[in-house]
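Asks: Have a look at this one before I ask anything.
Please treat every number below as a calculation from the coordinates, not as lab data. All of these numbers come straight from a predicted model, not from anything done at the bench.
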Amino acid sequence: MYIAIEGIDTAGKSTQISKLAQHFKDAIITKEPGATEIGKEIRDIVLSARTKSKKAEFLLFLADRAEHMQEVVEPNLDKMIISDRSAVSGVAYALVQGEISCEDLVSLNNFATNNTYPEKVFLLRLTKKELEYRLSQKELDGIELRGSEYLLNIQDAIVEATKLLGLELVEIDATQNRKTITQNILNNINS
């Protein structure tokens, strides 16, 4: 089974993935962007927020996604794959930018992924108050510096992206305690 843990920065994706790894000892743990050698370089470029063109940023995400699918996901589809983000995030960010049509977003992602998407997408949803608190507790990267409104728009766009891609979405309140969140994810994986 291939699942993706989605959410805006500070939502707790890494924490939940480490908990899931304890339950699924043989799982392939991966992430987008940055799971491959080329992906690490692309991730550095994207997080630095150096690209002037939002289309260029989107195409960098697509390049990483194509490499990730070929190197990590496709060879392991017979195993449990737990991904920190997926094509869903790429589509969500592009939706917020508004420079690429929905039809092109779907088409280009189908091309990059060979039409292989997570069977279930888990969105760890934050409130504005909780997001702003969590951001205040850390040093911000280039994406986080765009502000809480931008990140909350991304969160809403994740929902829209799953609909566009025709994927199953499970929304989980990320303000709950960690153990409850983990149990909600496990219950939905097994259902």
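Asks: Pick from Ser18, Ser136, Ser89 the residue whose mean-square fluctuation is largest in a GNM of the chain, springs joining Cα atoms under 10 Å.
Replies: Of Ser18, Ser136, Ser89, the most mobile in the Gaussian network model is Ser136.
Asks: Roughly how compact is segment 87-176, stated as its Cα Rg over 2.2 N^0.38 Å to two decimals?
Replies: This ratio for segment 87-176 stands at 1.15.
Asks: Still on this structure, I have one more. At a temperature of 10 °C and a viscosity of 1.306 mPa s, determine how fast segment 2-189 diffuses translationally according to Stokes-Einstein, using the Kirkwood radius over alpha-carbon pairs as Rh; express D in µm²/s, rounded to the nearest whole number.
Replies: Using the Kirkwood radius from Cα pairs, D works out to 96 µm²/s.
Asks: Give me the lysines in straight-line cross-link reach of Lys13: C-alpha distance below 19 Å, same-chain residues under 8 apart excluded.
Replies: Counting by Cα, and skipping residues close in sequence, Lys13 has these lysines nearby: Lys25, Lys31, Lys40, Lys120, Lys128, Lys129, Lys138, Lys179.
Asks: Taking springs between alpha-carbon atoms closer than 10 angstrom, which of Asp156, Asp84, Asp64 fluctuates most in the Gaussian network model of the chain?
Replies: Per the Cα network of the chain with a 10 Å cutoff, Asp156 tops the list.
Asks: What helices does the chain have that are whole DSSP H segments, at least 24 Å long along their own axis by Cα, and with mean Kyte-Doolittle hydropathy of -0.5 or more?
Replies: 148-165
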